[in-house]
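Report on the structure given below.
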Amino acid sequence: MSGRSPTATRLFWTVVLGGGAGLRYGAPAFAATGAACLAILLIRLGRPRRFRSLVRRIARRHAATLALRRRQECFLDAYGNIIEDGWLRERAYFVERTVLPLVEERGFSDYVEPRFDEMVAIVERVACAHELPDAIDTPEDGVAYERYCAELLGEAGWDARPTGASGDQGCDVIAEKAGLRLVVQCKRYTRPVGNAAVQEVAAAALHWSGDMAAVVSNAGFTPAARKLAGTTGVLLLHHDDLATLAPTRRAGRRVTTAGR
């Protein structure tokens with residue numbers, strides 16, 4: 001029986017056992033065997049539909065977050081091209097870390113590899129279908145963008161102020177709340193922010209005696225920046241995240257991380 005699918009195995013034994021019963025009990029047993037075989041086939045044929053429905057349910061639980069991350073991680077570069085690299089990574093990450101464990105738990109382990117692209121496509125449709133409030137146009141000028149970020153922090157209850165264009169030592173905004181100090185570097189870019197900004201704000205946090213450090217951008221972050229942020233404890237934020245940013249004390253000299 002090795003090499004047969006579970007469905008083939010069930011059909012085989014149903015026919016064998018049902019056939020034996022039919023020889024002994026006649027037509028009713030043969031009819032019951034046929035009905036059992038039909039039920040097995042119908043269940044098998046409906047399995048892909050149940051799989052897709054499960055993936056949609058999982059994605060819809062996180063639809064608002066997925067839609068927001070899609071908007072944050074897609075942007076126009078200086079040439080007018082839509083850059084989606086960050087969103088493609090985020091989408092795959094969601095499937096791998098959130099969808100796959102639940103899919104395997106529900107008995108669809110054999111679908112994980114051959115239907116990965118299908119799961120990604122379902123997540124994309126869910127993210128696109130969820131309506132978000134209209135995005136607010138952000139200032140094009142770097143200094144104005146720093147003031148804009150400070151204002152967003154102020155609306156979230158932080159006492160925030162830009163540091164000015166000179167002598168900032170890698171810090172564009174200083175914000176305080178609940179006795180904690182946040183050091184922020186702001187990047188209004190047309191490309192993902194690299195790890196140099198992470199290095200700079202980590203050093204700035206030491207210079208300004210910060211309890212938290214963050215790089216805020218409109219354009220996402222490179223994989224290298226995300227990796228370095230994970231080891232230095234620097235927060236990597238889209239300016240939309242500032243409205244809900246809460247103070248978090250770091251352990252020792254390590255800045256508290258957020259997300260992945």
Is there a residue being small (Gly, Ala, Ser), crowded, with 19+ Cβ neighbours inside 10 Å and touching a residue at least 40 places away in the same chain (Cβ under 8 Å) anywhere in the range 222-245?
-> no
Hey, residue 126 hits all of (1) in contact with a Lys or Arg (Cβ under 7 Å, 6 or more places away or on another chain); (2) open to solvent by 80 Å² or more (accessible area, probe 1.4 Å); (3) hydrophobic (A, V, I, L, M, F, W, C) but one; which does it fall short on?
-> (2)
Per the filter on the range 180-205, residues surrounded by fewer than 21 Cβ atoms within 10 Å (Cβ to Cβ), in contact (Cβ under 8 Å) with a residue 40 or more places away in the chain and over 27 Å from residue 83 (Cβ atoms) are 180
Which is closer than 17 Å to residue 57 by Cα and at pLDDT 95 or above, of 106, 115, 125?
-> 125
Quick one: is residue 144 hydrophobic (A, V, I, L, M, F, W, C), in contact (Cβ under 8 Å) with a residue 12 or more places away in the chain and open to solvent by less than 30 Å² (accessible area, probe 1.4 Å)?
-> no
Please work out if residue 216 is crowded, with 22+ Cβ neighbours inside 10 Å, modelled with pLDDT of 90 or more, β-branched (Val, Ile, Thr) and not in a helix (DSSP H, G or I).
-> yes
Verdict on residue 155 being open to solvent by 50 Å² or more (accessible area, probe 1.4 Å) and within 30 Å of residue 56 (Cβ to Cβ) = no
Return the total of residues in the range 73-97 being assigned to a helix (DSSP H, G or I) and open to solvent by 40 Å² or more (accessible area, probe 1.4 Å).
-> 7
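The values are calculated or read from the model by the stated rules, or taken from the named source; none is laboratory data. The model shown is predicted, which means the values in this text are computed figures rather than measured ones. Every residue, glycine as well, gets a Cβ built from its backbone with ideal geometry; the counts of neighbours run over all protein chains shown. The protein model used for the area step is the full one, side chains on, heavy atoms only, and it has no ligands, DNA or RNA in it. Shrake-Rupley method; radii C 1.70, N 1.55, O 1.52, S 1.80 Å.
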